[in-house]
Amino acid sequence: MSVATRDPVWPCAAVPLAELGPRTTLRVGGTAEWLLEPATPEELVEAWTAARERGYEPRVLGGGANLLLPDGLLAGVVLTTERLSRVFRPRAGGAAEGEAFAPALPALRVLERGEDARLVAWAGAPMPGLVRMARDLGWSGLEGLAGVPGHVGGGVAMNAGGRWGELWDVVERVRLLTRAGEVVERSRAECQPRYRDGNLAGALVLGVVLALKVDERAAVKERVADYLRQKSAAQPVTEHSCGCVFKNPPKERSGGLGAGQLIEAVGAKGLARGDARVSEKHGNFIVNRGHARAADVFALIREVRARVAQATGIELELEVQVWGEDPLRG
Ligand SMILES: Cc1cc2nc3c(=O)[nH]c(=O)nc-3n(C[C@H](O)[C@H](O)[C@H](O)COP(=O)(O)OP(=O)(O)OC[C@H]3O[C@@H](n4cnc5c(N)ncnc54)[C@H](O)[C@@H]3O)c2cc1C
């Protein structure tokens, strides 16, 4: 197992030749040349800057729940938000830029209910933990994210959500590191997030202010339980997957069918390459049944896409993010 070092080259903990597969929910992928593990948003900015100064274009890894990584070596630097899991209340009256993000409380858990139903979460706060925290406080707004794995930064970048709502519905402000190296705060209106796309122009999410609503505890709890029940009845939530592989095509083109239904209609459910298989439960999920390699998953994606295109004329667009050279071209 690789161990984080304090390599003098980097301003934070760093792991050379770090295994990436176990850091994704699909459990597929080789090693990163460097994995940097900043422990604060400031360290994240410093690590990003140091990587850029050394000629790297750093990638950012959240919970790895919507990622398909290549087999073998991934050259360059990966920044993980693993250690950036803090969640706290915004400082009372802290309206000035940056103020909300200054950690007012040292505690990891927000215990009292209060009337100001806002939370500040650093990029690596796990989504399931946030959903549970809001549920226990009786604050509504995150129920639609029940059962969605990953970190809040990845969720903001992907605009995670589904039929019961999207993460951006409750984003008051997001703190970003832009590609030009500037730290800025942006509102929803300024970002204009889209379907499964936070529309951040390659910026890195450092943290987010979530504005929830005070509600009845029992009602929030019931909604979370209900959505979780429905999700686990429809999706292979206990298997290794990367969530939905494809975006749903525009309804007017697909006759209202989602990507999973189109895949089922062309008989691609159960299709397998090596240990990768199109889920029998939901056509838009590919599951790793043991030792699948990225090459197996890419082969399946190509096959499913070709079948759907041939039968319907629809070119399915990837929702899952692919790192490395694009093996799906050609
Ligand atoms: C069983 C299962 C069910 C799922 N259900 C849903 C669902 O219902 N709805 C849904 O939308 N998704 C769903 N997903 C997909 C996944 O949970 C979401 O896309 C999630 O928001 C990804 O977050 P992450 O932290 O894991 O991001 P990662 O997979 O680590 O990264 C995804 C992309 O976001 C970028 N990124 C990550 N962190 C940051 C950051 N801090 N700043 C900028 N960019 C960043 C990465 O570079 C990458 O391009 C599901 C996945 C699984 C495995």
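The values are calculated or read from the model by the stated rules, or taken from the named source; none is laboratory data. Quick caveat: nothing in here was measured; it's all calculated off a predicted structure. Positions of Cβ are generated from backbone atoms using ideal geometry, with glycine treated the same way; all protein chains shown enter the neighbour counts. All accessible areas refer to the heavy atoms of the entire protein, side chains included, with ligands and DNA or RNA removed. Shrake-Rupley method; radii C 1.70, N 1.55, O 1.52, S 1.80 Å.
Accessible surface computed residue by residue for region 104-220, with neighbouring protein chains in place and a 1.4 Å probe, gives 43 Å² per residue.
Just the protein heavy atoms count here, and of the accessible area of the chain at 1.4 Å, carbon and sulfur take up 49 percent. In region 211-288, the convex hull through the Cα atoms has an average projected area of 7.2 nm², a quarter of its surface area.
Need one word for region 145-204: rounded, prolate or oblate. Basis is the Cα gyration tensor (sqrt eigenvalues a ≥ b ≥ c); a/c below 1.5 gives rounded, then a/b vs b/c decides.
Details: a/c = 2.15, a/b = 1.76, b/c = 1.22.
Prolate shape, in that a/c is at least 1.5 and a/b is the bigger ratio.
Comparing ALA39, ALA117, ALA265 in a Gaussian network model of the chain (Cα springs below 10 Å), the most mobile by mean-square fluctuation is ALA265.
Per residue, what accessible area does region 221-330 have, given a 1.4 Å probe and all protein chains present, in Å²?
Working: 5800 Å² over 110 residues.
Here the per-residue accessible area is 53 Å².
For region 172-271, GluC sites (Glu not before Pro) meeting the loop criterion (DSSP other than H, G, I, E, B) and having at most 14 other Cβ atoms within 10 Å: GLU182, GLU216.
Taking the Cα centre of the chain as origin and assigning +1 to Lys and Arg Cβ atoms and -1 to Asp and Glu Cβ atoms, the resulting dipole is close to 740 debye. Here the scattering of region 163-276 is modelled by Debye summation over its C-alpha atoms, one equal scatterer each and no solvent; at q = 0.12, 0.18, 0.20, 0.21 Å⁻¹ the log10 of I(q)/I(0) is -0.70, -1.15, -1.18, -1.20.
Under a Cβ-only charge scheme (Lys and Arg +1, Asp and Glu -1), can you give me the dipole magnitude of region 121-212 about the Cα centre, in debye to the nearest 20? List each step's numbers first, then the result.
Numbers: 10 positive and 9 negative charges, 27 e Å.
Dipole magnitude for region 121-212 comes out near 140 debye.
Checking the cross-link filter: which lysines have an alpha carbon closer than 22 Å to that of LYS269, excluding same-chain neighbours under 8 positions apart? Partners found: LYS231, LYS247, LYS251, LYS281.
Would the chain count as rounded, prolate or oblate if I go by the C-alpha gyration tensor, calling it rounded below 1.5 in a/c and otherwise prolate when a/b exceeds b/c, oblate otherwise? Note, shape of the chain comes out oblate. By the gyration tensor of its Cα atoms, with a ≥ b ≥ c the square roots of the eigenvalues, what is the shape of region 1-91: rounded for a/c under 1.5, prolate for a/b over b/c, or oblate? Because a/c hits 1.5 or more and a/b fails to exceed b/c, region 1-91 counts as oblate.
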